[in-house]
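Here the structure is laid out as structure tokens; the discussion comes afterwards.
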């Protein structure tokens, strides 16, 4: 290692992994909202299950003893609050099992809109193809002999044709 590289490594200059820098920034931002563990936000669907995560969002974690015995504030869409209230012991058990200690002892439910992410948005169902589109796809795939390739291309062809049909039928 030459002298210039030694100076950079001692003074903190030079390239650093983005994960190290971003991790500290994210932890600071989440910490301001009461989240000691950012995973409760980033892994919410894995912790509580996709069925509950689809209509809820953790908002704030208020902790009384360090990082134990917290009250998790969860925003819930409309009538989903009733299901959350009913399943509160199960949800708390899932959260605590994920962290490996009693991080949450109670949920504080707030009814209201949740932020939607691209991951939560479902694509529209494919448009139904008419007989003419199906015949055109079958004719284009007739020379292909490999059944696996033909099946894959058939699915792709239906998707493409479905998008074209959907564009034509939009108001």
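The values are calculated or read from the model by the stated rules, or taken from the named source; none is laboratory data. Just so it is clear, the structure is predicted and the values come from calculations on it, not from any experiment. Here the Cβ positions follow ideal geometry from the backbone for every residue, glycine too, while neighbour counts run over all protein chains shown.
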Selected residue [at pLDDT below 70, surrounded by 15 or more Cβ atoms within 10 Å (Cβ to Cβ), more than 20 Å from the chain's Cα centre (by Cα) and closer than 19 Å to residue 99 by Cα] from 34, 66: 34
message: Checking the structure you have, find out if any residue of segment 77-100 is at pLDDT below 85, surrounded by 11 or more Cβ atoms within 10 Å (Cβ to Cβ) and either under 30 Å from residue 43 (Cα atoms) or assigned by TED's automatic domain parsing to the domain that holds residue 62 (or both).
response: yes
message: Considering only segment 107-116, I want to know if a residue exists there that is within 22 Å of the chain's Cα centre (by Cα), without any contact (Cβ under 8 Å) to a residue 24 or more places away in the chain and not assigned by TED's automatic domain parsing to the domain that holds residue 51.
response: yes
